[in-house]
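Engineer: Structure in structure tokens, see below.
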Amino acid sequence: MQCYDSVLDVVGHTPLIRLNRMSNGFPGIVLAKVEGMNPGHSAKDRIAKYIIAKAEKEGKILPGGTIIEASSGNTGFSMAMVAAVKGYNCILCIPDKISKEKIQLMESLGADVRICPSKVPYEDPLSHYSVCARLNQEIKNSLFVNQYFNEDNLEAHYYTTGPEIWKQTDGKITHFICAMGTGGTISGTAKYLKEQNPEVKIIGVDAYGSILQKYHEDHVEDSTECYSYLLEAVGKKFIPGATEFDLIDKIVKATDRESALLARRLAKKQGLLTGYSSGAVLVGFKKIQPLLPKDAVVVLLLADHGSRYLSKIYNNAWMQHVGFFRSADRKSGISKVVYLREQLRKVIDFYS
Ligand SMILES: Cc1ncc(COP(=O)(O)O)c(C=O)c1O
């Protein structure tokens, strides 16, 4: 019979799909690594499967144990999936800005979801990170996955995403563009790709309001860079230990608005329903496109599926409310602020 033992056996081996209609006349090859086609609909399936299997081998979690994780949604869903298959309990602490679909999805797989404030620093006792650390102390036979500071996060992509992309492009990849959160995806994939060909250029995509780009440039943790933003799962207010900044050649920033609009355009032009961070990656491509050689082979990692954002970027009322449709800019005070902030960012971008 042609069948798999469990859903975990179909994690990874996602397709590379040509983005013919999103490349703005660019003559090179633009390919999307569509991670939303994983069974848990995101690249995080890879780390959940890998990290828990390794923890079991090392005796860090025993049967009947509890997986604990701080997540912006996708890692949580993937951890809940692994926990369901393997019979573990799963507690997920997530920031309150996360879309309601993501919360429902995690709960559907039996996870115990704890919502934590997103506007507090990560060292605050109420942050989703601190709550996980406390629960890990309190619950016997529990494993705090801690993807932000876990080397195995990076390793999962080193052993899977990197080799897949290398093989799928016949070793012809010249540029890899990827959104950065924990940094595990970009770092693990970059490590493998650069070992095959040190000339492959790695471009990270960060959010405005996050400190990653500034840290990459100046090696200082500048908290004045931090403010709240709408993009989910992209950027950080602290430096995650799972990021290898030396492997990254350039980091560009994406605005909340343009990321949302490009994700929507991708859906309508290519029939690919992807998440908010995928729009940010398309912004990253647009920004570096003028610098690319004509024969570049560019791979864009699109981290998750768009079904998780139906109440946000794929919802016209939400787009209107946050001022992402220009007609709204003149109608409400909130929208005007968002509009002016976008204009200011464009000016800053131009001169930086
Ligand atoms: C949709 C999405 N995009 C991008 C990222 C960033 O990936 P990483 O944490 O590996 O840097 C994440 C991480 O949660 C994500 O869920």
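The values are calculated or read from the model by the stated rules, or taken from the named source; none is laboratory data. Predicted, not measured: the structure shown is a model, and the values here were computed from it. Glycine also receives a Cβ, built like all others from the backbone with ideal geometry; neighbour counts cover every protein chain displayed. For accessibility, only protein heavy atoms count, side chains too; no ligands or nucleic acids. Shrake-Rupley method; radii C 1.70, N 1.55, O 1.52, S 1.80 Å.
Engineer: Restricting attention to segment 160-199, and to residues there that are within 15 Å of the ligand (Cβ to nearest atom), β-branched (V, I, T) and in a loop (DSSP other than H, G, I, E, B), which single residue is modelled with the lowest pLDDT?
Structural biologist: T182
Engineer: Answer yes or no as to whether A263 is on the phi > 0 side of the Ramachandran plot, crowded, with 19+ Cβ neighbours inside 10 Å and within 12 Å of the ligand (Cβ to nearest atom).
Structural biologist: When the stated conditions are applied, A263 does not pass them.
Engineer: If a residue must be open to solvent by 50 Å² or more (accessible area, probe 1.4 Å), within 19 Å of A111 (Cα to Cα) and either part of a loop (DSSP other than H, G, I, E, B) or touching a strand residue (DSSP E or B) at 6+ places or on another chain (Cβ under 8 Å) (or both), how many such residues does segment 45-67 contain?
Structural biologist: Qualifying residue count, segment 45-67: 3.
Engineer: Right, another one. Inside segment 49-87, can you point out the residues that are within 15 Å of the ligand (Cβ to nearest atom) and free of Cβ contacts under 8 Å to residues at least 60 places away in the same chain?
Structural biologist: G76, F77, S78, A80
Engineer: Kindly indicate which of L126, L92 is buried (at least 18 other Cβ atoms within 10 Å of the Cβ) and of a type in the set (A, V, I, L, M, F, W, C).
Structural biologist: Of L126, L92, the one residue that is buried (at least 18 other Cβ atoms within 10 Å of the Cβ) and of a type in the set (A, V, I, L, M, F, W, C) is L92.
Engineer: Return yes or no: is G275 open to solvent by 30 Å² or more (accessible area, probe 1.4 Å) and in contact (Cβ under 8 Å) with a residue 40 or more places away in the chain?
Structural biologist: no
Engineer: Also, I was wondering about something else. With the condition kept exactly as written, say whether any residue in segment 27-39 is of a type outside the set (D, E), under 27 Å from H128 (Cβ atoms), away from the ligand (no atom under 16 Å from the Cβ) and in a helix (DSSP H, G or I).
Structural biologist: no
Engineer: If the Cβ limit is 7 Å and pairs must be 6+ apart or interchain, which residue in segment 105-125 that is closer than 19 Å to G87 by Cβ and assigned to a loop (DSSP other than H, G, I, E, B) pairs with which residue that is open to solvent by 60 Å² or more (accessible area, probe 1.4 Å) and of a type outside the set (S, T, N, Q)?
Structural biologist: Close Cβ pairs (under 7 Å, with a partner that is open to solvent by 60 Å² or more (accessible area, probe 1.4 Å) and of a type outside the set (S, T, N, Q)) amount to L109/A84; G110/A84.
Engineer: Using beta carbons and a limit of 6 Å, which pairs, at least six apart or on different chains, have the first residue in segment 296-311 and closer than 17 Å to K97 by Cα and of a type in the set (S, T, Y) and the second one open to solvent by less than 10 Å² (accessible area, probe 1.4 Å) and at pLDDT 95 or above?
Structural biologist: Taking only residues 6 or more apart or on different chains, the pairs are Y309/G275; Y309/Y276.
Engineer: Something else now. Does segment 71-80 contain any residue that is outside any loop (DSSP other than H, G, I, E, B) and more than 26 Å from C116 (Cα to Cα)?
Structural biologist: Within segment 71-80, not a single residue is outside any loop (DSSP other than H, G, I, E, B) and more than 26 Å from C116 (Cα to Cα).
Engineer: Take the residues of segment 214-260 that are within 13 Å of the ligand (Cβ to nearest atom), closer than 21 Å to N146 by Cβ and not hydrophobic (A, V, I, L, M, F, W, C): which is surrounded by the fewest Cβ atoms within 10 Å (Cβ to Cβ)?
Structural biologist: Residue satisfying both the conditions and the ranking: G241.
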